[in-house]
Amino acid sequence: MAQTQRPLSPHLQIYKWQVQMVTSILHRATGIALAVGTLMVLWGLLSLAAGEDAFNQFKVCTGSPLGMILMIGWTWALFYHLCNGIRHLIQDAGAGYAIAQFVRSSWLSIVISLVLTLLVWAYVLTAGGAA
Amino acid sequence: MSTNAKDLPKDLQNPLKRARGLGSAQFGVGHWWTQRVTAAGLILLGLWFVVLVLGLLHADYATARATVAKPWNAVLLVAFIVTAFWHAVLGLQVVIEDYVHTRWKEIFLMVAIKFLAVLGVLAGALAVLRIALGA
């Protein structure tokens, strides 16, 4: 692959940024982040099975500043991948390919995922502080 | 029969025989479809999981354990773990195929994520079972 010198097709830096490029890249990035996040879910379950000390340690870690930042990040990653995933499923069914619709649904994925993240964390923080 | 050696075709293989194995492995549709089916499952399971976690925000150890031990929660948690890891492997596989162009690294990573996912599923399912069965 790398040995042959062929002309390359224009890549990202050539294009003017458009929202549908961002949603596509973010879908992959959040997917990778969520794959790592499943390990966090696993840690929670294993610590719950292991005993009270292990579980409290898990809660201390997730409630720490770094833990909270990661949790907020994973919350958004989950909601974004969920919203944009639904968008992709709709597109897989053959709908929503007109340029205007395509751009609008891109923005929808971003906005709805941010709103859901805000709602969840507003609930988390008003329900009396995390962890 | 005095055919010169140079007149003979160098490769006596049938062109079809040569092409076989170089094209599609016929697994593409299965991968694509499974990714969509697990995605559909994760829409429901993911939302349910968020609600479950939010309900456990301030739960102490005993409450959290009792909640996970409820039959429906235990079943859905195992379903969530299996589906999430499965979907993750399918997705990461595409990422690896797209960006890792050294064959041995590609194969190493493909096998590694599958090993990790199977370990993750087994460990997660066992943890839920231990909680559900009170072991």
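The values are calculated or read from the model by the stated rules, or taken from the named source; none is laboratory data. Everything numeric here is computed off the predicted structure, so don't read it as measured data. Heads up, the Cβs are rebuilt from the backbone with ideal geometry, glycines too, and the neighbour counts pull from every protein chain shown.
Within the stretch A:9-29, can you find the residues that are of a type outside the set (S, T, N, Q), more than 9 Å from chain B (Cβ to nearest Cβ) and under 12 Å from the mean Cα position of the chain (by Cα)?
Answer for the stretch A:9-29, where residues must be of a type outside the set (S, T, N, Q), more than 9 Å from chain B (Cβ to nearest Cβ) and under 12 Å from the mean Cα position of the chain (by Cα): A:Ile25, A:Leu26, A:His27, A:Ala29.
Looking only at residues that are of a type outside the set (A, V, I, L, M) and buried (at least 16 other Cβ atoms within 10 Å of the Cβ) in the stretch B:55-68, which one is farthest from the other protein chains (Cβ to nearest Cβ)?
B:Thr67
Does B:Leu44 satisfy being surrounded by fewer than 16 Cβ atoms within 10 Å (Cβ to Cβ), modelled with pLDDT of 95 or more, within 11 Å of another protein chain (Cβ to nearest Cβ) and closer than 18 Å to A:Thr38 by Cα?
Answer is yes for this residue.
Filter the stretch B:88-116 down to residues that are among the β-branched types (Val, Ile, Thr) and surrounded by fewer than 16 Cβ atoms within 10 Å (Cβ to Cβ), then give me how many there are.
Going through the stretch B:88-116 one residue at a time, the tally reaches 5.
Where residues in the stretch B:25-41 are within 28 Å of A:Ile86 (Cα to Cα) and not in a helix (DSSP H, G or I), which of them is modelled with the lowest pLDDT?
Residue satisfying both the conditions and the ranking: B:Gln26.
Would you be able to tell me the number of residues in the stretch B:88-102 that are part of a helix (DSSP H, G or I) and more than 19 Å from A:Leu26 (Cα to Cα)?
Residues meeting the conditions: 0.
Can you confirm whether the stretch B:117-134 contains a residue that is crowded, with 18+ Cβ neighbours inside 10 Å, more than 20 Å from the chain's Cα centre (by Cα) and more than 7 Å from every other protein chain (Cβ to nearest Cβ)?
Yes - at least one qualifying residue is present in the stretch B:117-134.
Looking at the stretch A:11-24, which of its residues are surrounded by 11 or more Cβ atoms within 10 Å (Cβ to Cβ) and of a type in the set (A, V, I, L, M, F, W, C)?
Once the filter is applied, which keeps residues that are surrounded by 11 or more Cβ atoms within 10 Å (Cβ to Cβ) and of a type in the set (A, V, I, L, M, F, W, C), the stretch A:11-24 yields A:Val19, A:Met21, A:Val22.
I'd like the full set of residues that are out of contact with any helix residue (DSSP H, G or I) (no Cβ under 8 Å at 6 or more places or on another chain) and not aromatic (Phe, Trp, Tyr), limited to the stretch B:71-93.
Passing the criteria: only B:Val75.
Out of (1) in a helix (DSSP H, G or I); (2) facing chain A (nearest Cβ under 10 Å); (3) closer than 25 Å to A:Met68 by Cα, the odd one out for B:Leu52 is which?
(2)
Going residue by residue through the stretch B:69-87, is there one that turns out to be within 11 Å of chain A (Cβ to nearest Cβ), assigned to a helix (DSSP H, G or I) and surrounded by fewer than 18 Cβ atoms within 10 Å (Cβ to Cβ)?
Yes - at least one qualifying residue is present in the stretch B:69-87.
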